[in-house]
Amino acid sequence: MTNVQKQRLLEMTSGSGRRFVAGVDSRRIRRVSVVIVCWFLSNASPKALSMNGESAEYPLKLAFLYNFAKFVEWPSDSFRSPGAPLAICIVGHNPFSLDIENELRSRPAGSHPVEFLALKPTATLNACHIVFIPVTEKDQAARIVSSLKGLGALTVGESEGFAVRGGIINFTLEGGNVRFEINRLAADRAGLKISSKLLNLAKVVTEQD
């Protein structure tokens, strides 16, 4: 990463970054967001990162989604072939930048190319390996999670209580940082093996009946 890119990252993740973001157009915000994601992807593990400024939240969450794939093992029959795509499905409103999605499409997750699918909440999700349920669809989250039982999908949300109610991973914001919770029981039910490295970075929560 160049010094210029590092400076842009610092500007986006510092208090002065909020003033910086307010004074630039949306095109430049997208460029800086791509820089953030590239910096994030150069690290070996999905650590929590500072999120000062609303424009940085979803680039970071999208980078997390991609990185989760490196620390989760799916059942052997989840892919048609060893080189089949890993499908990240966004259900309902898609809050992510197409620029960043395109950047991630050029980066395989292990032996699998990555594809992004924006689907309606009523769509069939059988082909999805990771299912992201944004906060805009929180009222349908329980139904969507229930519909995925037995399909080996990694469900990821961003709504309060998502993980303790049966979702596998839930994004939270703590002190300006994007963090995440993991429900190990839900992962076991889905037949997913989550790396201890990822578990050590998460807040492990207990599912409520």
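The charge dipole of the stretch 65-209, taken about its Cα centre with unit charges on the Cβ of Lys, Arg, Asp and Glu (plus for the first two, minus for the last two), comes to roughly 300 debye. Spin-label model, residue 105/residue 118: points 7 Å from Cα along the beta carbon direction are separated by 1.2 nm.
Of the trypsin sites (Lys or Arg not before Pro) found in the stretch 146-209, those in coil by DSSP whose Cβ has at most 12 other Cβ atoms within 10 Å are 149. Considering only 128, 176, 164, and ranking their Cα positions along the charge dipole of the stretch 117-194 that arises from unit charges at the beta-carbon of Lys, Arg, Asp and Glu, the one farthest toward the positive end is 128.
Pull out the extension gain between residue 188 and residue 208, defined as 0.36 nm times the separation in residues minus the alpha carbon to alpha carbon distance; nm, one decimal. Kindly include the intermediate steps, with their values, before the conclusion.
On the way: separation 20, 0.36 × 20 = 7.20 nm, distance 1.54 nm.
Stretched out fully, the residue 188 to residue 208 stretch lengthens by 5.7 nm.
Length gained on full extension, residue 143 to residue 98: 13.5 nm, using 0.36 nm per residue less the C-alpha separation. For residue 200 and residue 127, the difference between the fully extended length at 0.36 nm per residue and the C-alpha to C-alpha distance is 23.4 nm.
Using a 1.4 Å probe, what is the accessible area per residue for the stretch 64-201, in Å²? Mind dumping the intermediate values first?
Working: 6470 Å² over 138 residues.
Accessible area per residue, the stretch 64-201: 47 Å².
Where the accessible area of the stretch 109-167 is counted over protein heavy atoms with a 1.4 Å probe, how much of it, in %, is carbon and sulfur? Carbon and sulfur together cover 51 percent of it. The trypsin sites (Lys or Arg not before Pro) of the stretch 65-129 that meet both conditions, a loop assignment by DSSP and at most 11 other Cβ atoms within 10 Å of the site Cβ, are 80.
The values are calculated or read from the model by the stated rules, or taken from the named source; none is laboratory data. Note that the structure is predicted; figures quoted are calculated from it, not measured. For neighbour counting, all protein chains shown are included, and Cβ atoms are generated from backbone atoms with ideal geometry for every residue, glycine included. Calculation scope for accessible area: heavy atoms of the full protein, side chains included, ligands and nucleic acids excluded. Shrake-Rupley method; radii C 1.70, N 1.55, O 1.52, S 1.80 Å.
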